[in-house]
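The values are calculated or read from the model by the stated rules, or taken from the named source; none is laboratory data. Please read these numbers as outputs of a predicted model, since none were measured by experiment. All Cβ positions, glycine included, derive from the backbone under ideal geometry; neighbour counts span all protein chains shown. Accessible surface is based on the protein model in full, side chains and every heavy atom, while ligands, DNA and RNA are left aside. Shrake-Rupley method; radii C 1.70, N 1.55, O 1.52, S 1.80 Å.
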Amino acid sequence: MSIDLTASKTEQRAEELDALDAILPFDRRDQLAALLTDEDVATLKHLASEGMGDNTLKALASDLGYLEAWCRLATGSPLPWPAPEGLLLKFVAHHLWDPAKRAEDPIHGMPLEVEAGLRTGRLLRADGPHAPETMRRRLTSWSNLTRWRGLTGGFNGPSLKSALRLAVRASVRPRQRKSKKAVTGDVLAKLLLACAGERAADLRDRALLLTAFASGGRRRSEVAELRVEDLIDEEPVRADPADTSSPPLPCLSIRLGRTKPATSDDDEQVFLIGRPVAVLRAWLEQASIMEGPVFRRIDQWGNIDRRALTPQSVNLILKARCKQAGLDPKQFSAHGLRSGYLTEAANRGIPLPEAMQQSLHKSVTQAASYYNNAEQKNGRAARLII
């Protein structure tokens, strides 16, 4: 009887989460149904009704699921609200630790049984301590969720700040790029050759790669969530705006909604011009897609599904095309389209503010890092002795 009740409760939770379909990772919905409490679901529903951005809510739901799983494994109880200071310090100790000391003392850092439980649930994949950025993001999510529940926590306390500062220093971990190599113009050309056929998958993948890159290097979640209703036909534009005799090019605007770093209620939009528009329209016409998801699953027989690709599928498509193009798939990920767009813009001498209008980066520092790399490689300072 208890098993039936547990199964029934999990099914009920899954149904409740279906109401949040747009903001939860599709491939993790059942897992989150088992991890999140009724109060967690109520909080997420409230934030969704308040109009929080979809990508922010997805990250928040994932962090909340991780926190719940960790707390149960580490303490045997659900996540308490508000969290006591001791639990916050335990979280830091479990996730930021000294690899050298761990080699000498196995009980240093996250207990083996907690680590094993998180790995079994596919919640912990990387070896070693957390990246400091991941740690700070999860603590920020925890703090925000506490505040949104009308509670206060010890997230600004001196003991946590001190512990976090010391732990980050001890857990020396080299920063890893999301994609080791950027998908710049030359790489993109090779990927497009790899899908130059006329099969449905070739048409889709050409449209996907060109749309993702030319629209400013869109995130894989934005590509997966793109819908026909988000595409707006615009008047053709000149190839050279300064030359009225230059040929007209097709133009589309893409409504992205509130993107990950957006701080206002305004929907973001970018423009697609020229060849990417023609390829995207050809895919939609060939696939007879008049509404709903733009990029969809295709089975082994070439049948086009009504369901959208998942963000992970976008990543796998890129890697598969890298392999076909003779590139090392391990060196590339979907984020390489985003970094590659800015790198290519820098290589072509496009001013940073102009590129950021299309990429929608809000952080000048982050966007400028790609420009700095390009300037260093192309500059004279690195060529004093050649």
Problem set entry | Test for ASP38: is it at pLDDT below 80 and over 20 Å from SER141 (Cα atoms) | no
Seminar exercise, completed: Taking the stretch 87-125 and keeping only residues that are under 26 Å from the mean Cα position of the chain (by Cα) and open to solvent by 60 Å² or more (accessible area, probe 1.4 Å), one is left with ARG119, THR120, ARG122, ARG125
For this session: Say whether the condition of being part of a helix (DSSP H, G or I) and over 21 Å from LEU60 (Cα atoms) is met by at least one residue in the stretch 146-155.
Result: no
For this session: Under 6 Å between Cβ atoms, at least 6 apart or on separate chains: pull out the pairs that start in the stretch 156-168 with a residue that is surrounded by 11 or more Cβ atoms within 10 Å (Cβ to Cβ) and end on any residue that is outside any loop (DSSP other than H, G, I, E, B).
Result: LEU160/LEU88; ALA163/LEU89; ALA163/VAL92; LEU164/VAL92; ALA167/VAL92; VAL168/PRO132
Seminar exercise, completed: For the stretch 186-243 the number of residues that are open to solvent by 60 Å² or more (accessible area, probe 1.4 Å) and in a helix (DSSP H, G or I) is 6
Exercise. Has the stretch 192-202 got at least one residue that is under 25 Å from ALA367 (Cα atoms) and at pLDDT 95 or above?
Worked result: no
Problem set entry | Meets criteria (closer than 28 Å to PRO311 by Cβ, modelled with pLDDT of 85 or more and in contact with a helix residue (DSSP H, G or I) (Cβ under 7 Å, 6 or more places away or on another chain)) for GLY128 | no
For this session: Provide a single number: the residues in the stretch 331-367 that are of a type in the set (A, V, I, L, M, F, W, C), assigned to a helix (DSSP H, G or I) and open to solvent by less than 10 Å² (accessible area, probe 1.4 Å).
Result: 5
Seminar exercise, completed: Of those in the stretch 304-330 that are touching a residue at least 60 places away in the same chain (Cβ under 8 Å) and more than 19 Å from the chain's Cα centre (by Cα), the residue most open to solvent (accessible area, probe 1.4 Å) is GLN324
For this session: Could you list all residues from the stretch 40-79 that are closer than 22 Å to GLY109 by Cα and open to solvent by 40 Å² or more (accessible area, probe 1.4 Å)?
Result: ARG72, LEU73, THR75, GLY76, SER77, PRO78
